[in-house]
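Novice: One structure, as structure tokens, below. Some questions next.
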Amino acid sequence: MCGRIDIQPNNIKEAVKAGFGVDWNTKENRDLRPTQRVDALLSAPIGFVQTSLQWGIKPSWSKQLLINAQAETVATKQTFRDSFESRRCVIPCSGWYEWKIFEEDGQKQKFRFHAPDESPLFMAGIWFGESATPSQLVTLTTHPTTQCAQIHHRMPLLLQSAQVPCWLKDPPAALETLLRAPDLPLLLTPEEPPPIIQTSLF
């Protein structure tokens, strides 16, 4: 799952303006977390628009905050299917973080996932709100690429820039090919020194 997002405004602003005609205005947040607000791209009658949404939902049946939906079941699970049908969004970001757990002693090391050239990534999401007013979102996750699987068993559902309009505007039946692990190059950069593994002397 993706539980931390990296937002660096400058490259995001340029890419969103060039690709979707939106004057993107977002603040830097190198460690955006669930319950915080995240800027997302939506499709509206006037074109593409920016809106600020809280990351995570808490349905009445759930004891914990839900921040992700699985791409494999988002179209069928009752909690998510209506939003997938007509309330999709995209989160432009600079990357995300995962932690690798070392089996030897259970210690963790933090990795940043990002594009090799630091260009923005586009995470697929769905939004929720009353009276068609967006207020909350969850990101979508999918099976990882071979590269990402070294660190975690899930990864965000990423879209290529050219696929973003399709995700936001096309009918659900046309999105099957987008609900799969993305074929995008990524770098996995350690953010912290690796834990020291204590070897036995005996």
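Rule-based calculations on the coordinates, nothing more; no lab input. Because the structure is predicted, anything quoted here is derived from the model rather than measured. With ideal geometry, Cβ positions are generated from the backbone for all residues, glycine too; neighbour counts draw on all protein chains shown.
Novice: Of 45, 185, 171, which has the largest mean-square fluctuation in a 10 Å C-alpha GNM of the chain?
Specialist: Sorting by GNM fluctuation, first place goes to 45.
Novice: Follow-up question, since we're still on this one. In the chain, what % of DSSP beta bridges are antiparallel (nearest 5)? Each step should come with its number before you reach the end.
Specialist: Values: 38 of 43 bridges.
If we restrict to bridges inside the chain, about 90 percent are antiparallel.
Novice: Over the chain, consider all pairs of different Cα atoms and compute the Kirkwood hydrodynamic radius from their mean reciprocal separation; express it in Å, one decimal.
Specialist: 17.6
Novice: Going highest first, how would you order 174-182, 68-76 by mean Cβ packing within 10 Å?
Specialist: 68-76, 174-182
Novice: If I build a Gaussian network model for the chain, linking alpha-carbon pairs within less than 10 angstrom, which residue out of 14, 85, 130 has the largest mean-square fluctuation?
Specialist: 130
Novice: Right, something else. Against the longest alpha carbon principal axis of the chain, how many degrees, from 0 to 90 and to the nearest 10, is the axis of helix 9-20 turned?
Specialist: 40
Novice: Roughly how many debye, to the nearest 20, is the charge dipole of region 86-202 about its Cα centre, given +1 on each Lys and Arg Cβ, -1 on each Asp and Glu Cβ, and no other charges?
Specialist: It works out to roughly 320 debye.
Novice: 222 nm [θ] for the chain, helices only, -39500 (n - 2.57) per DSSP H run of 4+, per residue, to 500?
Specialist: Taken over the chain, the calculation gives -4000 deg cm²/dmol.
Novice: Arrange 164, 22, 16 by Cβ neighbour counts within 10 Å, fewest through most, would you? Don't skip to the end; give the middle numbers.
Specialist: Details: 164 21, 22 17, 16 25.
Starting with the residue having the fewest Cβ neighbours, the order is 22, 164, 16.
Novice: Sorted from fewest to most neighbouring beta carbons within 10 Å, what does the list 83, 52 look like?
Specialist: With the fewest neighbours first, 83, 52 line up as 52, 83.
Novice: Please report the relative contact order for the chain, taking Cα pairs under 8 Å with a sequence separation of at least 6, and give it as a percent rounded to a whole number. Numbers along the way, then the final one.
Specialist: On the way: 415 pairs, mean separation 45.0, N = 202.
Relative CO of the chain lands at 22 percent.
Novice: Which of 102, 20, 128 ends up with the largest GNM mean-square fluctuation for the chain, with Cα atoms connected below 10 Å?
Specialist: 102
Novice: Right, next: Once the Cβ-Cβ distance between residue 118 and residue 36 is put in as r, and R0 is 30 Å, what FRET efficiency do you end up with, to the nearest 0.05?
Specialist: 0.85
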